[in-house]
Amino acid sequence: MNPELLTPGGANVRAVHDAFHGDLLEVSMGPHHPSTHGVFRMIVTLDGERIVKLKPVFGYLHRNHEKLGETVSYLGSMPYTDRLDYLSAMTNNWAYAIAVEKLAGQPVPERAEYVRVILAELTRLLNHTCLAGFLMQDCGCSGTPLMYAFREREKILDLFESLSGSRMMCNYQRFGGCRVDPTPAWVDATRTLVGNYGAFLDEFEALLTGNEIIMARTQGVGVLSAALAINAGVTGPMLRATGVASDLRKSDAYGVYPRFQFRVPLGAHGDVYDRYMVRVLEMRESIRILEQALAGLPGGPIMDPKAKLRGFRPKAGEAYGRIEGPKGEIGFYLVSDGGPNPLRYRVRPPSFINLTVLEDMCLGQTVADAVIILGSVDIVLGEVDR
Amino acid sequence: MESIEQIRDRLLARFPGAQLAVVANPGPAAQHGLLLDHEHAAAIALFLRDDPVLRLDQCTNVTGIDWPEKEIVETVKSSVPDPAGGPAKIVETKTKRLQPGCLEVVYHLYSVQHGHGPVILRLRTGNRTDAVSVPSLTPVWRACEFQEREVFDLFGVTFAGHPDLRRILMWDGFKDFPMRKDYVEPDDYEWEPTPHGAVLEKAKVHYPAPAPAAPAPTAVPPPAAG
Amino acid sequence: MLGSGLLQGLAVTAKNFVGSFHDPARYTTVEYPEVKPALPEAYRNFPFLVSENATDPMGTLRCVACQICEKECPPQCIYIEKSKDKKPDAAGKPQIYPAIFAIDTSVCMSCQICVEVCPFDAIKMDQVFEIATTTRFEALLLNREQLAKPNSYYHGIHPTEAAEVDARLAADRKAAEEKAQAAAAAKAAAAAAAAAKAASPAPKAPDESRRSPQGEGGPPTPKPQSERGAVS
Amino acid sequence: MSDAPTPPPSPAHQPASLPAITDAERAELRRHGILLTSLQELYTWGNSHSVWPLNFGLACCAIEMIAASMAKFDIARFGSEVFRPSPRQADLLIVSGTVTKKMAPQVVRLWNQMPEPKYCIAMGACAISGGPFKQGYNVLKGIDRFIPVDIYIPGCPPRPEALLHGLVQLQEKIKGFTIKGPDAPRHLQKADAGEYPVPEFGARDLEPPHNPAVWSAPTLVRAEKS
């Protein structure tokens, strides 16, 4: 690996700058900018229309999540995790629950594991659908794909709401299981949704995937190499779009994922189009997992009977638990001193770390491409800034 | 994957002068850490990344931990033989010891290629005030770039060799390190209708001086007792 | 052929456009202010206090001011002051009651943890969401009188959960009565014995042990997990 | 009084202070097919049904705001579907999410850039008071510390229907305005500055931490816990 590539402001900057010999213009995009998915800010240095330097600025949504996590109890942090990546509350819940269960050595009943898989895959569908909509919005397809995405999102949210009581902030997982047991009616409704989702994806793909304008706009844009992606800690669909077969559902084999048949879609070029395609293909695999999980959903308790709700004090120690969230590896690192709240509560935010390579992907591209490259990273500011 | 002791032994064979210590994790997770010295940290990290057996090519998580100074009371029980020949007396001697505080940076390493991990590296600063520097591992793993900046911003650890060490989440002129345990947040409490604990203490500062006889002013009508 | 992807996409939008006039699956708009949304039973917004009796809500609050929810509430939006005196509850037993019970809905994040930790089923989640106001301080701090809603209202919004709660409370009450009867019988026996042997202390009523924790102690009878609302 | 063929405002939307004609008389006239309106009614009617929001999302609530503008909830039914990316073209600032101290100056700046008449909705607990993140070091305890808020929508996050309800409340409020007099909206009153001071980043907090001209909290004294 070329070490210069790994240093920010390395070889790439000079190469582009020398080739154009232009006067440089510094543009601040954000924190209020329609394309930055929230309050993200980039300071972009432009040579004509080409980007020669891009410095992300964070912190506009830094709401001291980790500090609060150290002042409230272990249970009390669960609703806060909903608000990290607010498009995929269920996977945040699960990642936190897994970390605490590791910390306390808490077993989880089988039914709860299945329900967690079902909810995590529904979240993946929800997140990837919305991301495709937002990405197309950034490409300039104003409205239509996002409208379709949100139409489907509402259907999944109805399921979440009827199960957990809230559309977005589910607060559903508990240490040692789940909060409420899904009724047969809920399982049937989920089965119907999963059965219909393939048809929606066909329609969505007919709208977008073959579209010549989208291909021209996204192919070959924002190319990321596999070596840099691994070294920079990039995870999730972004890493797989570069062709690296890395999926925690396979490699960590957490929960009951080893029982399901599914493939890990990989990209070949590591560009924006690959990142979009990997997500679409992942949704198809999620539907397969959902069908298997719904068919095999066992009976039994949803909570471990020995699990404690109040006065939960794990023994001194530490644990890092991680799962494959829709945006990449979401992990929680907890240090306990035996007290009612953690001594250290750390979130490993996938989209924050995926942004490490934003500058590398944008160098040499036009400023309009920076918008879709950022869109293809799939950031949610609640998680980036915490 | 090799156990942490095996990795330590291999590292000691490769870097004879290195000071390595296994930090045991007593919890059920049993994810033990390896405490590195500053001098060899970067070389060891590079070795762990490129070693064909371990191939820890991804540093997923970097975080800081604040360990404030702690007073530890140690109780030593010793039996003093009774000179009169009776049963030995048990005497407890309590010694107070000040455990110095430090800031710790924790790195979680995984291998994408082999699919194993985590190997946990730890670096500690000398104290919490002036010797707060540790070597940066950003030249080894780009993933550390933003995360080390975050540790610098929130904990005040400076990373020697970091290419772009600035505040990342707070604004540039900010003076404090908010994730430290002794951080005192600015006093902007004025309307706290449901305070308890620390919030009540902070809100009390803004309460008007109690009038001698009149009832305390309230914003909402006090609920009728009954 | 170049442009076939575009045409295919246009066909999709055309299908959706035409479909929105006759296909219910493609016409998704809710007519909100005119048609109220059908909220699922599990939907939660802000907490309310359950009172047994609609005519005397303050007198029959289930809440005994144990302050567990206040401690567990992650954003600390609950404030309780215990009463100095005791008042009879719905079963006629003298209980401490909350002299002040305030919830700051401008802070509450509807996480339902207060409901989960309450050992007395006294606090439950409401479903009213049309609460936009023009003032912050007065309108969004709810006090005891505004929070108290009768059990019948609870049955109206969460029927399955409320039925379970009522069944559990009735079972508890029955068990407590049986225990009290047994204790009374034991007391009578003890009194007979005490006639011979003076000054024997009367046994404490077992019901007291269930309703007594104030403050530091844990909940006396944690609800079994299986009984925790299985609502969907 | 001028006659104009506008849709008659429903009785619930009548402004409070109309000296010349009573509601009963108006209803009687309407029964005979005569529509009466005033310049004031026209003004507020037009104003209230074309409230264009700023395309500005902060956090979780922004997703629900987007959901409200999508097919299912369709904010276009209320005349507010035109989300403007530029503050110069917007009438309504929906503060949808947590306002951090780092973001607060930009929010005030956006508010200053909006032309009159402009309105502000604080959507969700965080925008109202800091919400669940209130006790944090980088969270502004309510956007009303710096800019005037017309409607508060509690909830975390409020349902899209709740946002629509808040919008209807705002429309009611606009319809209650008069062009002159004490009921005139804020921007038509001489005392209103229009521009609000933008806070600066201090060493530990925003300076000033709140704008005393806009915000003052009542004091609610809470007792020490037994």
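The table that follows gives values for the structure above.
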read-out: 3J(HN,Hα) from dihedral phi, the range C:154-164, Karplus parametrisation 6.51/-1.76/1.60, rounded to Hz, x for glycine, proline; value: 4, 5, x, 8, 10, x, 5, 4, 5, 5, 4
read-out: Radius ratio Rg over Rh of the range A:30-116, counting only Cα atoms, Kirkwood formula for Rh; value: 1.17
read-out: FRET efficiency for residue D:172 and residue B:130, using Cβ-Cβ distance with R0 set to 60 Å, rounded to 0.05; value: 0.45
read-out: Using a Förster distance of 56 Å, the FRET efficiency for residue D:52-residue B:98 (Cβ separation, nearest 0.05); value: 0.35
read-out: Exposure proxy ranking, count of Cβ atoms within 10 Å, fewest first, for D:98, A:218; value: A:218, D:98
read-out: Value of Rg to Rh for the protein assembly as shown (Rh from inverse mean 1/r over Cα pairs, i.e. Kirkwood); value: 0.99
read-out: For residues of A:330-336, the mean tally of beta carbons on other chains within 10 Å; value: 4
read-out: Among A:176, A:321, A:59: highest mean-square fluctuation, GNM of chain A, C-alpha pairs under 10 Å; value: A:59
read-out: 0 to 90° range, to nearest 10: angle between helix D:160-175 axis and chain D longest Cα axis; value: 60 degrees
read-out: Computed over the range A:85-244, Kirkwood Rh from alpha-carbon pairs, angstrom; value: 17.7 Å
read-out: Over the range D:46-194 - Rg/Rh using Cα atoms and the Kirkwood inverse-distance radius; value: 0.95
read-out: Relative contact order computed over chain A (Cα-Cα under 8 Å; 6+ residues apart), in percent; value: 26 percent
read-out: Efficiency of FRET between residue B:204 and residue B:23 - r from beta-carbon atoms, R0 60 angstrom, step 0.05; value: 0.90
read-out: Dipole magnitude of chain A about its Cα centre (Cβ charges: Lys, Arg +1; Asp, Glu -1), debye to nearest 20; value: 1360 debye
read-out: Square roots of 5 times each gyration tensor eigenvalue, C-alpha, chain B, largest first, Å; value: 44, 33, 17
read-out: Rough spin-label spacing in nm, given labels placed 7 Å along Cα→Cβ, for residue C:25 and residue C:184; value: 6.5 nm
read-out: Theoretical ellipticity at 222 nm over the protein assembly as shown - DSSP helices of four or more residues, -39500 (n - 2.57) apiece, nearest 500; value: -10500 deg cm²/dmol
read-out: In degrees, nearest ten, helix A:144-164 long axis to first principal axis of chain A (Cα); value: 20 degrees
read-out: Flagged links, alpha-carbon separation over 22 Å, of B:181/B:202; C:84/D:141; C:36/D:134; value: C:84/D:141; C:36/D:134
read-out: Dipole magnitude of chain D, debye to nearest 20 (Cβ charges: Lys/Arg +1, Asp/Glu -1, about Cα centre); value: 540 debye
read-out: Relative packing of peptides A:368-380, C:183-195, A:96-108 - highest average C-beta neighbours within 10 Å first; value: A:368-380, A:96-108, C:183-195
read-out: Approximate spin-label separation residue B:90-residue D:32, in nm, with each point projected 7 Å along Cα-to-Cβ; value: 10.6 nm
read-out: Top positive-direction residue, dipole computed over the range C:117-170 with Cβ charges, set C:167, C:117, C:152; value: C:117
read-out: Two-site label geometry, residue D:195 and residue A:316: point separation in nm, points 7 Å out along Cα→Cβ; value: 5.9 nm
read-out: Tensor-based shape of the range A:209-283 (alpha-carbon gyration tensor, a/c under 1.5 rounded, otherwise prolate or oblate); value: oblate
read-out: Gyration tensor (alpha-carbon) shape descriptor, the range A:236-342, a/c threshold 1.5; value: oblate
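Read-outs: derived from the displayed coordinates by stated rules, not from any lab. Here the structure is a predicted model, which means the values were calculated and not measured. Positions of Cβ are generated from backbone atoms using ideal geometry, with glycine treated the same way; all protein chains shown enter the neighbour counts.
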